[in-house]
Amino acid sequence: AQSVAQPEDQVNVAEGNPLTVKCTYSVSGNPYLFWYVQYPNRGLQFLLKYITGDNLVKGSYGFEAEFNKSQTSFHLKKPSALVSDSALYFCAVRGSQGNLIFGKGTKLSVKP
Amino acid sequence: DAGVTQSPTHLIKTRGQQVTLRCSPKSGHDTVSWYQQALGQGPQFIFQYYEEEERQRGNFPDRFSGHQFPNYSSELNVNALLLGDSALYLCASSILTSGRRDTQYFGPGTRLTVL
């Protein structure tokens, strides 16, 4: 069965520092991986996806993610964090039904 | 270009009642998926509609049902509400012909509280 794991409940970063939010996946076959962000009392906003090709995927708001097949990971990164990046981040994998299977989320807190 | 819209924003019901939530997909999208997000959890897939039919279903009881209209908009119905149905209900739209490569775009959600 497909699944994703986000090992950190919360990540704390100082503004201007690089940030990484971790995600590992378990799928049979080729993975289709996604990152979404959720601000308080809001829906999910799409950031980026990996389908095939280059292992470094660039997305919205300066975010990027690195796909690593050998480590079954898809970590979200940003070179310089902003206070406004503080939110809940979800990693997801495409399921066999066409649905998205989400991790439990990682709360990112960026302090000035 | 309007994104995915959902109504109402908030809803309060009592146990045993029935509720209907509504979703309008992003322009050009033909597929609607519904998710339930309990507090502190990631969204869980309820079902997906395409061509006015339920195509896929997650692990939710029959109390959860839906409908898709010819204009691609969709409704989620929940009967005999339980306290545990309290959650944020998210609608996502996509284009089925894109296959597994498609991106699902989410609406702002409907917050359902069951008392």
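The values are calculated or read from the model by the stated rules, or taken from the named source; none is laboratory data. Values in this document were obtained by computation on a predicted structure and should not be read as measured data. As a convention, Cβ positions derive from the backbone with ideal geometry for all residues, glycine included, and neighbour counts pool all protein chains shown.
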Item checked: Scan of the stretch A:81-112 for residues that are of a type in the set (Ser, Thr, Tyr), within 16 Å of the chain's Cα centre (by Cα) and assigned to a loop (DSSP other than H, G, I, E, B), ordered by number -> A:86
Note to self: When you check residue B:24 against the structure, is it over 30 Å from residue A:8 (Cα atoms), at pLDDT 95 or above and surrounded by 13 or more Cβ atoms within 10 Å (Cβ to Cβ), yes or no?
What the structure shows: yes
Margin query: What's the total number of residues in the stretch A:26-38 that are buried (at least 16 other Cβ atoms within 10 Å of the Cβ) and part of a loop (DSSP other than H, G, I, E, B)?
Written below: 3
Next item on the list: Give the number of residues within the stretch B:77-115 that are outside any loop (DSSP other than H, G, I, E, B), among the hydrophobic types (A, V, I, L, M, F, W, C) and either within 14 Å of another protein chain (Cβ to nearest Cβ) or in contact with a Ser or Thr (Cβ under 6 Å, 6 or more places away or on another chain) (or both).
Entry: 9
Item checked: Of all residues in the stretch A:82-97 being small (Gly, Ala, Ser) and surrounded by fewer than 20 Cβ atoms within 10 Å (Cβ to Cβ), the one that is farthest from residue A:62 (Cα to Cα) -> A:96
Item checked: Single unsatisfied condition, residue A:48 versus (1) within 12 Å of chain B (Cβ to nearest Cβ); (2) part of a loop (DSSP other than H, G, I, E, B) -> (2)
Checklist line | Total residues in the stretch B:32-45, condition of a type in the set (A, V, I, L, M) and farther than 20 Å from residue A:91 by Cβ | finding: 1
Next item on the list: List every residue pair whose Cβ atoms sit under 6 Å apart, with the two residues 6 or more apart in sequence or on different chains, where the first one lies in the stretch B:62-84 and is without any contact (Cβ under 8 Å) to a residue 24 or more places away in the chain and the second, anywhere, is surrounded by fewer than 16 Cβ atoms within 10 Å (Cβ to Cβ).
Entry: B:63/B:79; B:63/B:80; B:65/B:77
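Conditions (1) in contact with a helix residue (DSSP H, G or I) (Cβ under 7 Å, 6 or more places away or on another chain); (2) in a loop (DSSP other than H, G, I, E, B); (3) surrounded by 15 or more Cβ atoms within 10 Å (Cβ to Cβ), marked per residue:
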{"residue": "B:12", "(1), (2), (3)": "no, no, no"}
{"residue": "B:16", "(1), (2), (3)": "no, yes, no"}
{"residue": "B:29", "(1), (2), (3)": "no, yes, yes"}
{"residue": "B:35", "(1), (2), (3)": "no, no, yes"}
{"residue": "B:46", "(1), (2), (3)": "no, no, yes"}
{"residue": "B:54", "(1), (2), (3)": "no, no, no"}
{"residue": "B:60", "(1), (2), (3)": "no, yes, yes"}
{"residue": "B:66", "(1), (2), (3)": "no, no, yes"}
{"residue": "B:75", "(1), (2), (3)": "no, no, yes"}
Margin query: Within the stretch A:39-61, take every residue that is touching an Asp or Glu at 6+ places or on another chain (Cβ under 9 Å) and surrounded by fewer than 16 Cβ atoms within 10 Å (Cβ to Cβ) and give me the one that is farthest from residue A:22 (Cα to Cα).
Written below: A:61
Margin query: Within the stretch A:98-112, take every residue that is within 11 Å of another protein chain (Cβ to nearest Cβ) and over 30 Å from residue B:50 (Cβ atoms) and give me the one that is surrounded by the fewest Cβ atoms within 10 Å (Cβ to Cβ).
Written below: A:107
